[in-house]
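Right, one structure below, let's go through it.
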Amino acid sequence: MARSSRMAPILLGHDQIAHYPVKPTFELATMSTSKLKIALIDDDEFRASYLQHCLTEHDFEVVACLLIKDIQPQDLQALYADVILLDMDHPQRDIIEAFVNHCNLPTVLFTKNNNRDTIKHAIQAGVTAYIVDGVDPARLDTVLEIAIEQYKKHQQLESDLKETKLRLADRKDIEKAKNMMMQLQQLTEEEAFRLLRKNAMNARISMGDLARQLIQAQQLLNQTFKD
């Protein structure tokens, strides 16, 4: 199943890549692209071997060279790479999703397939960049730098969104627990808040977590008496 949110991928052909500056205008990671660990995944054995040789010749570190037909789930989980370079003649959404979801790495797809539906499905599957044409090792560094930076920004956006949702959930649960304490212990709103904060600090947990514990305990108590 596809993840709920996807980053906007890069769609390029080699004629467009040639016009990219040597360095993107935004700030890049300090690590040199030649030091990046690349996991090469291909659906053609001869091409995979050739690409591995070319990438090595251009100072890229290929930490894995896998054929799609031979890949097992444990192979994906054991990948220690910075980016996946996926080269496919006929991109399939379920295969791409498996790589994206299992590896949680920037995934750059190279293909000669420029069919609109294929591009759409690859985007929905979560590719970071969709490059129409073959792999050109001489120009690959810029493509990978852009893709990795975009992936990092997307990850940060997802993290920020998750944190925002958690803060909203905490606020809602704290309010509910506070009202519950006001009713049970005849406290004012300020007294209930201070008591909740004090006990959370003593227990070394967040107010949101303590609020949820109180709510769950009250629900369990109500269910026990109901039965």
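Got a sec to turn the phi values of segment 89-104 into Karplus ³J(HN,Hα) couplings, 6.51 cos²θ - 1.76 cosθ + 1.60 with θ = phi - 60°, whole Hz, x for Gly and Pro?
6, 10, x, 10, 4, 5, 5, 4, 4, 4, 5, 4, 6, 6, 8, 6
Straight-line reach from Lys165: which aspartates and glutamates have a Cα under 18 Å away, not including same-chain ones fewer than 8 places off?
Answer for Lys165, where 18 Å is the Cα cut-off: Asp173, Glu175, Asp209, listed by chain and number.
Which length gain, in nm to one decimal place, applies between Leu157 and Ala138 when the Cα-Cα distance is subtracted from 0.36 nm times their residue separation?
On the way: separation 19, 0.36 × 19 = 6.84 nm, distance 3.13 nm.
Gain on extension, Leu157 to Ala138, equals 3.7 nm.
Go through Lys37/Lys153; Lys112/Lys152; Lys176/Lys198; Lys69/Lys152 and tell me which ones have a Cα-Cα distance over 23 Å in this structure.
On the way: Lys37/Lys153 20 Å; Lys112/Lys152 27 Å; Lys176/Lys198 17 Å; Lys69/Lys152 29 Å.
As for pairs spanning more than 23 Å Cα to Cα, those are Lys112/Lys152; Lys69/Lys152.
Taking each pair of distinct Cα atoms in segment 161-226 once, what is the resulting Kirkwood hydrodynamic radius in Å?
Values: mean 1/r = 0.0813 Å⁻¹.
Averaging 1/r across every pair of different Cα atoms and inverting gives 12.3 Å.
At what distance in nm do the modelled label points of Lys120 and Glu191 sit from each other, each positioned 7 Å from its Cα along Cα→Cβ?
6.2
Based on other C-beta atoms within 10 Å, arrange Tyr50, Tyr130, Tyr151, Tyr80 from fewest to most. Could the numbers behind the result be given before it?
On the way: Tyr50 13, Tyr130 24, Tyr151 21, Tyr80 8.
In order of increasing Cβ crowding within 10 Å: Tyr80, Tyr50, Tyr151, Tyr130.
Where a number appears in this text, it was derived from the coordinates with a stated rule and is not lab data. Predicted, not measured: the structure shown is a model, and the values here were computed from it. Don't worry about glycine lacking a Cβ; one is built from the backbone with ideal geometry, like all the others, and counts go over all protein chains shown.
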